Amino acid sequence: MSAGYVLVVAEVRRGLFEERNLDTIGLGRELGLPVSLLLPENVNGVDELLLDRVLKVSADEGTFLNPLVMVSILVKVFESQGQPDFVLFTHSSSGAECAAYAAGHFSAPLVTDVSGFDQSTGTFFKSYYSDKVFAQFKSTSSPTFLTVRSGSFRENVTRNQAAPAVESVGDIAPAEGRTFLEYVEEAGGAVDITKAEFLLSVGRGIGSKDEIPRYEELARAMRAVLSCSRPVVDKLWLPKERQVGTSGKTVKPKVYLAMAISGAFQHIAGMKDADCIIAINKDPEAPIFQYAHFGIVADVNKLRDKLIETVKGS
């Protein structure tokens, strides 16, 4: 393939194609160039995606995730396929690390946590201060390296009528001095919020840990499962298993009731695909209202008490 394409570097875990790859592919399609997907061998689940080419590396998953090895892989890809205009990684711990190493090696620009793109101007967007400020970036050289925020572009991904062409990049040797050992899973808890159809989620705006029992009471009355934002876990008001967001769990309930949650992008990424989002916050400028289907500006604790009274009285 000649130059003039987008290279998407896949995120894989335990041989599985991560769902967050749909966002990098989605941005790739929006850029209006052929899209090639780079991934290790023996990873399934990509044949039905709308891709122009799949490039498979003869390396195990742990080797592929090594940023030192990733540089060697990209050198080989650039030599055989031509230099791409853009190289896209997921905005995850491994994606951001690999992108930084690679951009440094190629002396190329890097924009992290991209959440928007304007086709008419070729401008990328990323946010700061919990989505209250947006910065614009425009690529003036290639390749440009980007990490893509989860949940931002997956609606652009369509299914393929035929399987994409597949090419082998060849064998890649592990890097010396750094070795992947194992995945360490978080211990399972008593509650799996990812399976709940109705989540009542609370943020630090509820005031204190003393308010938690009343929200537990409301959740029971509404037949909901109680969840929370990261600050609530950081303050030890609720256990980690209840956390929604990029450093917690990604959830897709039928109803997501967010109470006193401002809406930092890390939290939004974990719940934005809920069927119905209801936000209650005393701040009318809270970012979460941009994503909510229904919004209420109110004192959450006072409204909570009214809801408990109403639900229990019905």
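Any read-out appearing in this document is the output of simple, stated calculations on the displayed coordinates, not a laboratory observation. Just so you know, these numbers come straight off a predicted model, no measurement behind them. We place every Cβ from the backbone using ideal geometry, glycine too, and count neighbours over all the protein chains shown.
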Which value, in debye to the nearest 20, gives the size of the charge dipole of the chain about its Cα centre, when Lys and Arg are +1 and Asp and Glu are -1 at the Cβ? 1000
Please get the size of the charge dipole for region 25-67, origin at its Cα centre, with Cβ charges of +1 on Lys and Arg and -1 on Asp and Glu, quoted in debye to the nearest 20. 160
Once Rh for the chain is found with the Kirkwood sum over Cα pairs, what is the Stokes-Einstein diffusion coefficient at 25 °C and 0.890 mPa s, in µm²/s? 116
How much length is gained on full extension from Lys132 to Asn42, taking 0.36 nm per residue of separation minus their Cα-Cα distance? 28.2 nm
According to the Cα gyration tensor, what semi-axes, each the square root of 5 times an eigenvalue, does the equivalent ellipsoid of region 6-171 have, listed from largest to smallest in whole Å? 23, 18, 15
Proximal lysines relative to Lys132, as straight alpha-carbon distance under 18 Å, when same-chain residues fewer than 8 apart are discounted: Lys272, Lys282
Determine the distance separating the Cα centre of region 165-234 from the Cα centre of region 93-136; give it in Å without decimals. 25
Pick from Leu55, Leu236, Leu38: which residue has the top mean-square fluctuation in a GNM of the chain where Cα pairs under 10 Å get a spring? Leu236
Can you give the Rg to Rh ratio of region 182-236, both from alpha-carbon atoms, with Rh computed by the Kirkwood formula? 1.02
Report, ordered by chain and residue number, the lysines lying within cross-link reach of Lys235, taken as a straight Cα distance under 16 Å and ignoring same-chain residues fewer than 8 apart. Lys209
Estimated 222 nm signal from helices in the chain, with DSSP H stretches of n ≥ 4 weighted -39500 (n - 2.57), rounded to 500: -7500 deg cm²/dmol
Which residue, Pro84, Tyr256, Val133, has the largest displacement toward the positive end of the dipole of the chain when charges sit on each Cβ (Lys, Arg +1; Asp, Glu -1)? Tyr256
Identify all lysines with a Cα-Cα distance to Lys56 below 19 Å; exclude those on the same chain that are fewer than 8 residues away in sequence. Lys76
Sorted from largest down, what three extents in whole angstroms do the Cα atoms of region 219-258 have along their principal axes? 26, 20, 15
Could you list Lys272, Lys195, Lys76, Lys312 in order of exposure, starting from the residue whose Cβ has the fewest other Cβ atoms within 10 Å? Lys195, Lys312, Lys76, Lys272
Which percent of Cα-Cα pairs in region 178-314 sits in each 10 Å bin, short to long? 13, 45, 32, 7, 3, 1, 0
Taking neighbour counts of Cβ atoms within 10 Å as a proxy for exposure, in what order, fewest first, do Ile277, Ile261, Ile296 appear? Ile296, Ile277, Ile261
